[in-house]
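Where a number appears in this text, it was derived from the coordinates with a stated rule and is not lab data. Because the structure is predicted, anything quoted here is derived from the model rather than measured. All Cβ positions, even for glycine, are placed from backbone atoms using ideal geometry, and neighbour counts span all protein chains on display.
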Amino acid sequence: MRLRNILLLFAIGILAISSCVPPGGGKKEAKEEKKEYVPQVVIASALNETNISVVLKFTPPEDFEIKPNMFLIRSEVDTNKTINVIDVKKSKKKELILTLQNPIDIVDVWAITSYDDPTFKSKRFINYEKLLYKFYSDKPLGHNIENGKNVFRVFSPRATKVWLVIADDPVTMKNKVEYEMTKDENGIWEAVVEGNLWGKYYGYRADGPKHFTEAFDPELVVFDPYSKAVAVENSYKQKGMTVIIDTSKYNWEGDTFVGLKSEDAIIYESHIRDFTAHPSSGVPDDIRGTYKGFIYKGKNVVGGINWVKFLGVNAVEFLPIHESGTYEPPFGEQVEHAGAEKGATIVNTWNAQSRNHWGYMTSCFFAPESYYSSGDLTPGKYSGLGGKQVNEFKDVVKALHKEKVAVLLDVVYNHVSQYDYNPLKRLGKKYYFFLNDFHGYDSKSGCGNDFDTAKPMASRLVVDSIKYWMIDYHVDGFRFDLATMIDWKTHEKIVQEAKKINPDVILIAEPWGGGRGEPRDGGGYTLEGFSKRGIGAWDDKIRNFIRGGASASSSPSSGLVFGKGNNEEMKKYVLGFLKKNGGDYYEKGHNVNYAESHDNETLGDFIRIGTGYYRNNQVISNRTEFVKLTDKQLAQNKIAAFFLLTVQGAIMMHQGQEFARSKIVDPNSQWLKDFKVDEKGNWYKEITLPNGKTKKVMWPGGKAKPNTLDHDSYEKDDDTNWINYDEALKLETNKELVEYYRGLIAIRKNFNAFRKTPTESIAFINANEKVSPALGWLLPGNVNGDGKDIIVLINGNQTSQATFTLPEGEWEVIANDKVAGLKSLGTVSGTVSLNPISGMILVKK
């Protein structure tokens, strides 16, 4: 009905217009009313100080002459400041190159529009990213002693003023003194202070262009990006200052790198706090979840370093231990956005716990996480006072090295903290970060901001950080979060500089991300691309082969643990997934084989979901009964462990994988104390609005609710993530799985066959029946130093036996479907039959 009326009115209008047009005049008048072409700018980028590339919304007509005066450029800080365009050249269909009368000043914000928009209503900001590449300096940054004096330097090329602020403590700011710093031509601000400053605290105040796209705030004190230790307030916004600390006085007692080769690595991915925070760890309450707690070896202590020794792994990869933004905005409340420009506000609708527990929001690339140091973690109190976290983390490294365990760090250089007073944002937002066309943060990482490692001083910061952790902390290697976000030149510098310090350094890429590098420096951010540069990578393909994918499904279509898989594909993983065998890696050890990481469901939960033991959003009423493995779940977890620990290449497992840990959202979390549950079982929080009224804010949509399984527990500092050792040692089937992992780890470490056998020497043995997935392989002892041949047999089929004919002679069984280890379980010869979901390791007598 409505459409008919519109058409009727339209027809009447046409008739009315036609009745007013003189005969023969309609065509001429329509031509005269044709709208004149105006060059509307949609993207503007400075090529140099006097040339700008602009992309137009519409392609200009071929006969249209674009003139310089068709463009208006002005300062957004002082709108009376303008720059004239003096020349225009066509570049591509919609692209023009404009020449400016005066150079662009980067300490300003410039906008461009067309001549018919004098009020700049349709303006576009000029991106002058390329102008910032000229800034570079080799001067030492942060706090250093030079010629007996304290020298403070910080990089902030667009700041107009920077002040150094020194105080006796960050809480009361007692005896605060300020020094105005001086700037050199490379954007380095410097202040020299005499006297003994050890134990004091400092930070910077920075002023800059006044505009809503700028993050400068001259009233705010931020810590140094090169801080070696930071003291921060345990509350949202996390105000902090740098601790002036001498890190060189630590007694390493002769400690050095472990010297672990990547192909020999059995990596245990662990979180400092989660590993001992649970009471079952046996660690004293006052140091649970701390660096000290991790290495505590007292009576009846099972967690921490004792568990690492118990399992037998030879490397620990810590989830991020850089200082990070551990607090997010209070749930449901409108508050200041500490990670944005001054005056911006935010409402947290996504994180009920208001925490960022795992540490993937880095605040400082040189300082160890203060939240894991011993002391008062009460919200509102300061952690890291005195910088004790420095020596406490060094104690962790030294203690692990004494056990011949390498230390790897999970490092996050692709983005920075999003919800605190991050100094890189406040000192150099438009230098350090990718920006969109409106000078806001551009985030392909999904983390709110993307760090631009290609900029010279950003790249230097990353490489300096790697070198610092190796030299000052004796760290043996690194895992790079969202590694495709880091440009190739920076990756290559990391490899070059790290290998100078330790030729055996282990470098691992998480080969995920927003593909930042693809268009800017050749792309190829693949497993192959990392490997040819000397960097290993998580092998998602073997993960998918073992479990069936990243995310769990109640109807799995693939996965060895579900009896699915192709024998030919399996062979590639046995051989280390090398390029010469149809894989992606150039060197053995670059492939990091894994079946579980901190991301997604645990392997145990993946199997629980895939077998229908758990249904989506099912409320778990009895945690202990749910976590306890059924016989089939035990067999499925064992077959995953068996295959993972018998293939060539580096191995990684996540904490708790050895007992099929479950991530059930903790309903009793201290971070949920303000939540209530309504009569329908819905969780909500009541908040008080500025007008005094209350508002009910419901649990975040898409997030796992209490007493259900979680696949993304980054924010949960509670029983969801804490390692419950009772579930590992007091539940019979789970304990059997722990012992199975221990046995397989011992076998792998004891025999070179699984790590050093040339792939061309490995011979495959097919099952006598057409069973899949089922495979055997012979690892000859004369090529790997063992002196004894080893056979691995696996039957992943869930219903059929698999029979294998063995080479001549007697073979000693050291692993079967029940037990694995270095003790003999008997001898076999001729043929052997494997039950469904089982494996066997044989050693030639």
Longest site-free stretch - the chain; sites: GluC sites (Glu not before Pro), DSSP loop, at most 11 other Cβ within 10 Å
254-678
Among Phe71, Trp110, Pro60, whose Cα sits farthest toward the positive end of the charge dipole of region 41-132 (+1 at Cβ of Lys/Arg, -1 at Cβ of Asp/Glu, about the Cα centre)?
Pro60
For region 134-249, shape from the Cα gyration tensor axes a ≥ b ≥ c, cut at a/c of 1.5 then a/b versus b/c, turns out oblate
For region 753-844: lysine pairs with Cα atoms under 23 Å, gap of 8 or more or different chains, count?
7
Would you mind ranking Trp252, Trp110 by Cβ crowding within 10 Å, fewest neighbours first?
Trp252, Trp110
Answer with one residue from Ile837, Pro780, Pro503: the one whose Cα lies farthest towards the positive end of the charge dipole of the chain, charges on Cβ with Lys, Arg +1 and Asp, Glu -1.
Ile837
Expressed as a whole-number percentage, the relative contact order of the chain with C-alpha contacts under 8 angstrom and at least six residues apart is 9 percent
Taking a temperature of 37 °C and a viscosity of 0.692 mPa s, what whole-number D in µm²/s does Stokes-Einstein yield for region 518-584 with Rh from Kirkwood over alpha carbon pairs?
245 µm²/s
Magnitude of the Cβ-charge dipole (Lys and Arg +1, Asp and Glu -1) of the chain about the Cα centre, nearest 20 debye, reported as 1080 debye
Taking Cα centroids, how far is region 103-165 from region 202-252 in Å?
18 Å
Among DSSP bridges having both ends in the chain, what percentage is antiparallel? Round to the nearest 5.
75 percent
What helix-only [θ] at 222 nm does the chain give? Using -39500 (n - 2.57) per DSSP H run of at least 4, over all residues, to the nearest 500, the answer is -6000 deg cm²/dmol
Fewest to most neighbouring Cβ within 10 Å: what's the order for Arg742, Arg288?
Arg742, Arg288
The alpha-carbon center of region 670-726 and that of region 261-305 are separated, in whole Å, by 27 Å
Angle check, please: helix 456-473 long axis (alpha carbons) against the longest principal axis of the chain (alpha carbons), in degrees 0 to 90, nearest 10.
30 degrees
C-alpha long axis of helix 631-644 to longest principal axis of the chain, angle in °
80 degrees
Give me Arg479, Arg460, Arg661 sorted ascending by neighbouring Cβ count inside 10 Å, so fewest comes first.
Arg460, Arg661, Arg479
Assigning unit charges at the beta carbon (Lys, Arg +1; Asp, Glu -1) and nothing else, what dipole magnitude in debye, to the nearest 20, does region 753-844 show about its Cα centre?
240 debye
Region 34-78: chymotrypsin sites (Phe, Trp or Tyr not before Pro) falling in loop per DSSP and having at most 16 other Cβ within 10 Å:
Tyr37, Phe58, Phe64
Could you tell me which residue out of Leu793, Leu806, Ala820 lies farthest along the dipole of region 753-844 toward its positive end? Charges go on the beta carbon: Lys and Arg +1, Asp and Glu -1, centred on the Cα centre.
Ala820
Cα-based Rg then Dmax for the chain, in Å, read 31.2, 110
Distance violations [Cα-Cα > 20 Å] among Lys564/Lys638; Lys200/Lys292; Lys638/Lys730; Lys239/Lys429; Lys161/Lys430
Lys200/Lys292
Quotient of Cα Rg and 2.2 N^0.38 Å for region 41-132, N being how many residues it contains:
1.00
log₁₀ of I(q)/I(0) at q = 0.14 Å⁻¹ - region 753-844, Debye sum with one point per alpha carbon
-0.47
